[in-house]
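What follows is a single structure, written as structure tokens, with notes after it.
The values are calculated or read from the model by the stated rules, or taken from the named source; none is laboratory data. All values reported here derive from a predicted model rather than from experimental measurement. So basically every Cβ, Gly included, is an ideal-geometry build from the backbone, and we count neighbours across all protein chains shown. We work out accessible area using only protein heavy atoms, side chains counted, and drop any ligands, DNA or RNA first. Shrake-Rupley method; radii C 1.70, N 1.55, O 1.52, S 1.80 Å.
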Amino acid sequence: MRISLLPLSLCILLFAVSALFGTLPAYDRSLTQEVLTAILGSTLLYLLAAYGIRSAGAARLVAALLVLFGVVFVLFFIGQFGYWNYVETPAFIQRLGRATTFLPVPYWIFIHPNGAATLLEGLLPLGLALLLSSRKRMERVLWAGTVVVMAYGIFLTFSRGAWLSLALAAGLIGVLVALSRLPRRVTVGLLAGGVSLVALAIVTGLMLGPERLPFLNSIGSVADSRLTLYRNALHLAGDYAFTGLGLGQSFTMVYSRYSLLIFVPFLLYAHSLPLAVWLGQGLLGLMALLGMIVMFYRLVYRTLRWTQPGALFHGAWLGVTATLIHGLTDARQYIESPWAMPVWFLLFGLAAALARSSFREAALVQVAPGPRRWRLAVGAAAALIVLVLIFNAPLRALWLTNQGAVAETRALLAPDLPQSERDSLNEIALQNYRAALALAPDLPNANRRLGNLYVELKQYAEAVPFLETAAAVEPAYPAAVKGLGLAYVWVGKTDEATQTLARLENRRDLINELNTWSNFWGGAGQPELAAAAQETANLLARQ
């Protein structure tokens with residue numbers, strides 16, 4: 001069997017194409033250019049590595065250059081660590097980082113710790129592979145030094161996600177080694193023991209409580225905020241399910257305005273790679289990412305099963321794996337895309353090239369796909385067509401909601417648009433939402449978007465029934481609950497507004513916002529609206 005890189009390469013090319021499409025729904029194309037350039041450049045680097053590396057010497061050279069780049073990067077991070085105030089880093093790590101700061105002055109480039117961890121976690125396994133595969137003493141000393149420096153840099157980042165991803169990657173390679181060398185009974189015993197130790201650690205942490213384990217408290221706090229973000233981002237992704245809301249920095253204001261109903265930037269990105277890709281590159285991008293993952297690990301599985309790959313292959317695919325695991329809870333590839341994403345794609349390409357070399361060295365003949373595979377593919381395509389036909393109306397409703405959301409976002413956020421064009425876009429959004437509700441009257445996305453747009457257009461009475469429908473289906477989503485509460489305020493139903501807004505957690509912020517609205521409407525000559533906002537704020541404060 002000779003392995004083919006075509007399935008993985010097609011998925012990566014599809015990912016690049018989806019990035020191009022991701023510029024289309026963006027309300028400001030200039031916000032997409034940095035990430036778009038990074039994705040297209042990273043795709044080119046993958047192709048050059050996957051198809052251009054044809055010898056063990058070339059593979060080792062590329063791996064060495066990648067690791068040395070990581071060392072230069074981490075030395076720059078360590079060297080100016082003490083000049084930056086990393087507020088989330090514990091005091092003892094800050095003291096250690098200040099002690100090892102060696103650059104004479106801080107430089108203008110600020111490196112976020114999670115961004116540094118995202119790059120280094122992918123290169124550390126590759127550095128270990130170079131160390132383990134070196135035969136000369138000086139080479140071993142060199143690569144041992146690089147591993148120590150990168151490991152120290154990852155420690156300074158205080159990136160819990162990077163630590164966990166590297167631990168899981170190490171556990172994964174340990175399991176593979178155990179499965180290949182130890183008797184099954186011993187392997188099962190070791191796995192059971194490891195799971196038992198993890199369970200015991202969790203139970204012990206819960207019994208001691210966060211007050212005795214500040215580290216656990218920190219993890220719990222981050223997990224709670226991330227889960228809230230993921231829930232809100234999933235609701236938002238449903239509004240732009242097919243096209244996404246736009247690549248790059250488009251997320252920031254769209255999330256603030258349409259998930260939280262606030263007027264200032266709050267978060268830069270979705271803190272999850274799959275969510276970030278779906279929101280930025282649409283459904284096509286999400287499918288391409290999932291295809292990349294499936295095809296890559298299909299390649300890894302076949303290489304491990306049929307050949308005897310060297311240490312560099314293990315270092316490359318484990319580097320991809322560590323970055324991917326961290327990507328489930330963070331997405332620094334988007335924020336630091338000019339340098340984090342190319343390294344990740346190069347690891348994909350290096351692993352692919354080494355897999356092909358392993359098959360070539362094993363001298364395995366190519367086996368054509370059997371008829372069973374074609375039958376499975378045809379069956380899957382037929383099943384997809386049947387599902388589309390069955391769910392035709394809901395899918396069309398989601399598409400219309402998507403089109404309306406893109407038009408509404410441009411009407412509100414696009415720079416330098418005349419008011420007449422904004423009004424025209426809002427009318428397009430209204431028509432799409434109404435058409436969506438004609439197909440699926442209970443669709444929460446269309447109900448919520450239509451209701452909140454009516455509030456934006458000061459048609460408060462029309463907004464209430466749609467927001468009531470949305471809030472009943474999305475009882476924890478701020479855009480639905482807060483939207484309904486504010487609609488109640490503006491129609492004078494202050495008791496209902498108080499009961500609705502009390503369901504949200506940030507009560508103090510809501511009270512301050514209502515006081516601000518009261519002052520605004522008072523200055524705008526709307527005493528009834530000002531009084532309703534003030535009364536709701538007072539009632540909410542007494543809750």
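Contact annotation: residue pairs with Cβ atoms under 9 Å, 6 or more positions apart or on different chains, pairing a residue in the stretch 232-249 that is part of a helix (DSSP H, G or I) with a partner that is charged (D, E, K, R), are His235/Arg448; His235/Glu474; Asp239/Arg448; Asp239/Arg449; Gly248/Glu34; Gln249/Asp28; Gln249/Glu34. Among the residues of the stretch 430-477, those identified as over 15 Å from Ala407 (Cα atoms) and among the hydroxyl-bearing types (Ser, Thr, Tyr) are Tyr460, Thr469, Tyr477. The single condition among (1) in contact (Cβ under 8 Å) with a residue 60 or more places away in the chain; (2) surrounded by fewer than 16 Cβ atoms within 10 Å (Cβ to Cβ) that Tyr83 does not meet is (1). Of the candidates Ala38, Ala58, Ala16, Ala63, the single residue that is among the aliphatic types (A, V, I, L, M), within 20 Å of the chain's Cα centre (by Cα) and under 29 Å from Ser358 (Cβ atoms) is Ala16. Looking at the structure I just gave you, is Ala461 under 29 Å from the mean Cα position of the chain (by Cα) and part of a helix (DSSP H, G or I)? Taking the combined requirement at face value, the residue does not satisfy it. Give the residues of the stretch 1-45 that are surrounded by 19 or more Cβ atoms within 10 Å (Cβ to Cβ) and aromatic (Phe, Trp, Tyr), sorted by residue number. Of everything in the stretch 1-45, those that are surrounded by 19 or more Cβ atoms within 10 Å (Cβ to Cβ) and aromatic (Phe, Trp, Tyr) turn out to be Phe15, Tyr27.
Looking only at the stretch 96-117, decide whether some residue is β-branched (Val, Ile, Thr), part of a helix (DSSP H, G or I) and open to solvent by less than 30 Å² (accessible area, probe 1.4 Å). Checking the stretch 96-117: not a single residue is β-branched (Val, Ile, Thr), part of a helix (DSSP H, G or I) and open to solvent by less than 30 Å² (accessible area, probe 1.4 Å). With respect to being modelled with pLDDT under 95, out of contact with any Leu (no Cβ under 9 Å at 6 or more places or on another chain) and open to solvent by 50 Å² or more (accessible area, probe 1.4 Å), Pro475 fits the description.
Selection of the stretch 481-499 for residues being part of a helix (DSSP H, G or I) and either in contact (Cβ under 8 Å) with a residue 60 or more places away in the chain or open to solvent by 30 Å² or more (accessible area, probe 1.4 Å) (or both) yields Lys482, Gly483, Leu486, Asp495, Glu496, Gln499.
Of all residues in the stretch 46-58, which are open to solvent by less than 60 Å² (accessible area, probe 1.4 Å), part of a helix (DSSP H, G or I) and touching a Gly at 6+ places or on another chain (Cβ under 9 Å)? Hits for the stretch 46-58 are Tyr46, Leu47, Ala49, Ala50, Gly52, Ala58. Considering the stretch 64-95, and only residues there that are among the β-branched types (Val, Ile, Thr) and either in contact with a Ser or Thr (Cβ under 9 Å, 6 or more places away or on another chain) or not in a loop (DSSP other than H, G, I, E, B) (or both), the residue that is nearest to His271 (Cα to Cα) turns out to be Thr89.
Applying the condition of being part of a helix (DSSP H, G or I) and not hydrophobic (A, V, I, L, M, F, W, C) to the stretch 289-313 and asking which residue is nearest to Leu275 (Cα to Cα) yields Gly291. Residues in the stretch 275-313 that are under 14 Å from the mean Cα position of the chain (by Cα) and either small (Gly, Ala, Ser) or open to solvent by less than 40 Å² (accessible area, probe 1.4 Å) (or both): Leu275, Ala276, Val277, Leu279, Gly280, Gln281, Gly282, Gly285, Leu286, Leu289.
Any residue in the stretch 500-507 that is charged (D, E, K, R), open to solvent by less than 20 Å² (accessible area, probe 1.4 Å) and part of a helix (DSSP H, G or I)?
Pass one, the stretch 500-507, residues charged (D, E, K, R): 503, 505, 507.
Subset that is open to solvent by less than 20 Å² (accessible area, probe 1.4 Å): none.
No, because not a single residue in the stretch 500-507 is charged (D, E, K, R), open to solvent by less than 20 Å² (accessible area, probe 1.4 Å) and part of a helix (DSSP H, G or I).
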